[in-house]
């Protein structure tokens with residue numbers, strides 16, 4: 001008697017093969033369902049019609065929020081009607097949109113933003129992460145060897161002075177400068193991302209003026225930078241709006257920036 005057979009001519013090798021085959025098919029189903037736990041069923045880009053679900057659609061994805069904020073399920077969030085101030089270049093899915101208004105204010109292309117949560121980003125202990133340097137609870141200050149740019153003029157993309165630096169906003173988690181507070185010529189206080197700013201000192205020969213150059217937008221456009229709802233506090237939503245406004249300026253601040261190089 002051959003002990004490798006289980007029943008009749010059905011042996012251990014066949015059993016192992018069938019078990020592997022069933023496992024592999026189950027794995028394919030599992031991975032496909034896991035890859036579709038967010039963003040499904042699909043929505044038609046042109047008509048907005050929801051496509052019917054399929055066997056591979058997974059369960060809703062649940063995010064556990066920190067600091068006692070509960071849970072977040074993207075599919076359960078009410079969707080606002082979308083009215084894009086632009087028109088497709090041609091009638092086809094994936095066609096680029098041509099702005100019909102001010103793309104930097106309307107949030108198109110590189111100026112687009114996400115509707116993030118309207119509460120501040122926080123540190124590990126739950127305190128606001130980005131605040132003015134004077135309110136720093138980590139006793140942050142400008143390094144002795146670095147220039148203190150408080151009061152320095154801000155030079156915009158058109159070469160004009162847009163205002164002056166009146167405060168510095170720092171990241172309490174990473175200990176770096178995130179935003180510069182600019183008081184514009186009209187007296188409006190706005191924030192500009194530090195990554196779009198270039199600090200110009202007097203130079204080796206002392207022949208240069210001390211200023212901060214922000215070439216993302218023009219001096220006039222500083223008046224339209226999204227404002228903060230609460231002084232001394234910036235929410236995630238406001239951060240996205242401000243970052244998008246300055247980022248969009250590299251394409252839309254002046255007409256020639258949106259034109260091809262060649």
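Among the residues of the range 141-152, which ones are in contact (Cβ under 8 Å) with a residue 24 or more places away in the chain, over 28 Å from the mean Cα position of the chain (by Cα) and within 17 Å of residue 190 (Cα to Cα)? So that I can check it myself, show each step before the final result.
Taking the range 141-152 first, the residues in contact (Cβ under 8 Å) with a residue 24 or more places away in the chain are 142, 147, 149, 152.
Add one more test, that the residue is over 28 Å from the mean Cα position of the chain (by Cα), and what stays is 147, 152.
152, the sole residue that qualifies.
Inside the range 218-241, residues that are closer than 15 Å to residue 106 by Cβ and crowded, with 16+ Cβ neighbours inside 10 Å make up a count of 5.
Could we say that residue 158 is in contact (Cβ under 8 Å) with a residue 60 or more places away in the chain, in contact with a helix residue (DSSP H, G or I) (Cβ under 9 Å, 6 or more places away or on another chain) and over 30 Å from residue 73 (Cβ atoms) here? In short, yes. When residue 260 is tested against (1) outside any helix (DSSP H, G or I); (2) crowded, with 17+ Cβ neighbours inside 10 Å, just one condition goes unmet, and that condition is (2). Does residue 179 fit the bill of being in contact (Cβ under 8 Å) with a residue 60 or more places away in the chain, surrounded by fewer than 20 Cβ atoms within 10 Å (Cβ to Cβ) and either under 26 Å from the mean Cα position of the chain (by Cα) or under 23 Å from residue 108 (Cβ atoms) (or both)? No. On the basis of being in the same structural domain as residue 105 (by TED's automatic domain parsing), modelled with pLDDT of 95 or more and either farther than 22 Å from residue 130 by Cα or surrounded by fewer than 20 Cβ atoms within 10 Å (Cβ to Cβ) (or both), does residue 197 make the cut? So residue 197 does not fit the description; no.
Answer yes if at least one residue in the range 62-69 is under 30 Å from residue 88 (Cα atoms) and at pLDDT below 90, and no otherwise.
So far as the range 62-69 goes, no, none of its residues is under 30 Å from residue 88 (Cα atoms) and at pLDDT below 90.
Within the range 223-238, no residue that is outside the structural domain of residue 164 (by TED's automatic domain parsing) sits with its Cβ atom under 7 Å from a residue that is surrounded by 15 or more Cβ atoms within 10 Å (Cβ to Cβ) and not in a loop (DSSP other than H, G, I, E, B) at 6+ positions apart or across chains.
Is the range 76-84 home to any residue that is closer than 30 Å to residue 253 by Cβ and either at pLDDT 75 or above or touching a strand residue (DSSP E or B) at 6+ places or on another chain (Cβ under 8 Å) (or both)? Yes, because at least one residue in the range 76-84 is closer than 30 Å to residue 253 by Cβ and either at pLDDT 75 or above or touching a strand residue (DSSP E or B) at 6+ places or on another chain (Cβ under 8 Å) (or both). Listed by position, the strands (runs of 3 or more DSSP E) enclosed by the range 87-157 that each have at least 2 residues that are at pLDDT below 90 are 97-99.
So which residues in the range 209-262 are within 27 Å of residue 135 (Cβ to Cβ) and more than 23 Å from the chain's Cα centre (by Cα)? Scanning the range 209-262 gives 210, 211, 212, 213.
Against the numbered list (1) modelled with pLDDT under 95; (2) in contact with a helix residue (DSSP H, G or I) (Cβ under 8 Å, 6 or more places away or on another chain); (3) surrounded by fewer than 19 Cβ atoms within 10 Å (Cβ to Cβ), residue 252 comes up short only at (3). Would you be able to tell me the number of residues in the range 183-215 that are in contact with a helix residue (DSSP H, G or I) (Cβ under 7 Å, 6 or more places away or on another chain), more than 14 Å from residue 160 (Cβ to Cβ) and in a loop (DSSP other than H, G, I, E, B)? Going through the range 183-215 one residue at a time, the tally reaches 1.
The values are calculated or read from the model by the stated rules, or taken from the named source; none is laboratory data. Source: prediction; values computed, not measured. Every residue, glycine as well, gets a Cβ built from its backbone with ideal geometry; the counts of neighbours run over all protein chains shown.
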